[in-house]
Amino acid sequence: MKDTIAIVLAAGRGTRMNSRTPKVLHDILGKPMIHHVLDSVRQAGVNDIVVIAGHGSALLKRSLPDARVLVQKELLGSGDAVNTARKALGRYTGDLLVVCGDTPLLRGDTLRELIRTRKSSGASAVVLTTDLKDPTGYGRIVRDENGAVIKIIEELEAGLYEKVIEEINVGSYCFRAEDLFDALTGVKPDNDKKEYFLTDVIAVMNRKKKTVKALKTDDTDEAIGVNTKNDLAEATRIMKGRVMSELMLGGVTIYDPSSTTIYPGVRIGADTVIYPNTIIESDVEIGKNASIGPFARLRPGVRLEDNVEVGNFVELVRTEIGEGTKVKHHTYLGDAKVGKNVNIGAGTITANFDGSKKQRTVIGDGAFLGIGTRLIAPVRIGSHAVTGAGSVVPKNRDVPSGATVVGVPARILGIAKKKRVRR
């Protein structure tokens, strides 16, 4: 959306995390939580993003090379954080999507609807809300007798009757920029924290007779903000569940979701089976009718074609495996390209690191690697070649197609003759 800019609030200290790492840089399923927030913003169609940093701003800038990162000089609250962006935006008159960098469970579809509602309604602001049976800790949405949103009151400022309100502020908004910046001039730090609360602009807008609307999400998980390591674990659990639910709806069988971890963005074909205690990290693609695990780990850069079997205690990284290949037990393949219908014996290892850089191993179609084979990269194993149990194939000592090699170092016993094809 060309006429919408996102402001991501990420200046907080995160003291309850008890960590030197800035709160928004703590990992959830392979990447910092703020990256999940930015992914959702981009899924909503917003690519112009301003991140407001404070504590750990240098680390945040390094982690977000593609975003504009501005530093809030004094941590004077969320309202002051938005004002930090005001100077950088100049005379901007479009819409501002404002989200928190510690809410990694926000969905892109929800943010898109938030923006759409602002534009279609003509309101000065649209607030994302949800209903919680226990709203403790969240700002409450206060409405008038006609149901219009008149203010958001924070937990510390809420009175007895306001604390029983179950509709809470998720912490995401879409504003008309001019109306937001005008309202911010009326926000005062007259609260216990002596901070400028962004939420106070709603009451200011109400006094100025501006229209404020609410968009309510039924997914209460979107409201979860990560403030402690316990929150981090809960957000991770929920995100894992979302990922696996989507995969299972697409035809993937996951025998034990509670012991399985699959990162967002992983692609898995229908009728593939994932066995317990398997970890599949980001940037992995698996074809149809494959079998993975138990106790397998697939790291980034793995590509498996259809009907591949990856068994227990197998680790793969930056490896491509062709259709019908079996990698059954206690194996490590790194920086490898494996052909079709290959048998990788138990205990096979590609020694891909030579002390200075990663080297590549190529295994041709139909090869048969005996148990305990060691391949010292860079090396090529020809199609339909065979390695004996415990063989060590040194670097640059390629095995010809059809050859059988044994020993340490591996030596050629013979080369199978190609069968003549009758014409």
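The values are calculated or read from the model by the stated rules, or taken from the named source; none is laboratory data. The structure presented is a predicted model; accordingly, all values stated were derived computationally and were not measured. When we count neighbours, we look across all protein chains shown, and the Cβ atoms used for this are built from the backbone with ideal geometry, even at glycine.
What to note about this one:
- Options Thr185, Thr199: the member that is under 15 Å from Ser78 (Cα atoms), of a type in the set (S, T, N, Q) and free of Cβ contacts under 8 Å to residues at least 24 places away in the same chain: Thr185
- Of the residues examined, Lys240 is one that is charged (D, E, K, R), touching a residue at least 24 places away in the same chain (Cβ under 8 Å) and buried (at least 17 other Cβ atoms within 10 Å of the Cβ).
- Qualifying residue in the stretch 372-381 (condition: free of Cβ contacts under 8 Å to residues at least 24 places away in the same chain and touching a Phe, Trp or Tyr at 6+ places or on another chain (Cβ under 7 Å)): no
- Of all residues making up the stretch 294-345, the number that are among the small types (Gly, Ala, Ser), in contact (Cβ under 8 Å) with a residue 24 or more places away in the chain and touching a Ser or Thr at 6+ places or on another chain (Cβ under 7 Å): 4
- Flag for Thr185 being at negative phi and loosely packed, with under 15 Cβ neighbours inside 10 Å: yes
- Test result for Val393, out of contact with any Gly (no Cβ under 9 Å at 6 or more places or on another chain) and modelled with pLDDT of 95 or more: yes
- Of residues in the stretch 93-134 being in a loop (DSSP other than H, G, I, E, B) and in contact with a strand residue (DSSP E or B) (Cβ under 7 Å, 6 or more places away or on another chain), the one farthest from Asp179 (Cα to Cα): Leu132
- Asp398 falls short on exactly one of the conditions (1) surrounded by fewer than 17 Cβ atoms within 10 Å (Cβ to Cβ); (2) acidic (Asp, Glu); (3) within 25 Å of Arg299 (Cα to Cα), and that condition is (3).
- Any hit, the stretch 63-72, residues being surrounded by fewer than 17 Cβ atoms within 10 Å (Cβ to Cβ), in contact (Cβ under 8 Å) with a residue 12 or more places away in the chain, β-branched (Val, Ile, Thr) and under 23 Å from Asn230 (Cα atoms): no
- For Asp192: the one exception among (1) over 33 Å from the mean Cα position of the chain (by Cα); (2) at pLDDT 95 or above: (2)
- If you check Pro294, Pro264, Pro300 for being of a type outside the set (Lys, Arg) and surrounded by fewer than 16 Cβ atoms within 10 Å (Cβ to Cβ), only one passes: Pro300.
- Residue tally, condition assigned to a strand (DSSP E or B) and either surrounded by fewer than 21 Cβ atoms within 10 Å (Cβ to Cβ) or among the aromatic types (Phe, Trp, Tyr) (or both), over the stretch 5-21: 0
- Residue match in the stretch 167-179 (condition: surrounded by fewer than 14 Cβ atoms within 10 Å (Cβ to Cβ) and either closer than 30 Å to Asn312 by Cα or in contact (Cβ under 8 Å) with a residue 24 or more places away in the chain (or both)): no
- Breaking point among (1) without any contact (Cβ under 8 Å) to a residue 60 or more places away in the chain; (2) in a helix (DSSP H, G or I); (3) within 24 Å of Leu111 (Cβ to Cβ), for Asn230: (3)
- Residue ranges of strands (runs of 3 or more DSSP E) in the stretch 308-383 with at least 2 members closer than 16 Å to Asn396 by Cα: 336-338, 349-351, 361-363, 374-376, 379-381
- For the stretch 79-122, a tally of residues being among the basic types (Lys, Arg) and surrounded by 23 or more Cβ atoms within 10 Å (Cβ to Cβ) returns 1.
- Failed item, numbered, when Pro104 is tested on (1) in contact (Cβ under 8 Å) with a residue 12 or more places away in the chain; (2) at positive phi; (3) not hydrophobic (A, V, I, L, M, F, W, C): (2)
- Ile152 among the β-branched types (Val, Ile, Thr), more than 28 Å from the chain's Cα centre (by Cα) and part of a strand (DSSP E or B): yes
- Answer from Thr228, Thr253, Thr261 - the residue that is modelled with pLDDT of 95 or more and within 27 Å of Thr136 (Cβ to Cβ): Thr228
- Scope the stretch 234-254; condition closer than 18 Å to Glu281 by Cβ and either touching an Asp or Glu at 6+ places or on another chain (Cβ under 6 Å) or part of a helix (DSSP H, G or I) (or both); matching residues: Ala235, Thr236, Arg237, Met239, Lys240, Gly241, Arg242, Val243, Met244, Glu246, Leu247
- Qualifying residue in the stretch 353-370 (condition: under 18 Å from Arg299 (Cα atoms) and among the hydrophobic types (A, V, I, L, M, F, W, C)): yes
- Of the numbered criteria (1) among the hydrophobic types (A, V, I, L, M, F, W, C); (2) surrounded by 20 or more Cβ atoms within 10 Å (Cβ to Cβ); (3) part of a loop (DSSP other than H, G, I, E, B); (4) not assigned by TED's automatic domain parsing to the domain that holds Leu132, the one Phe197 fails is (4).
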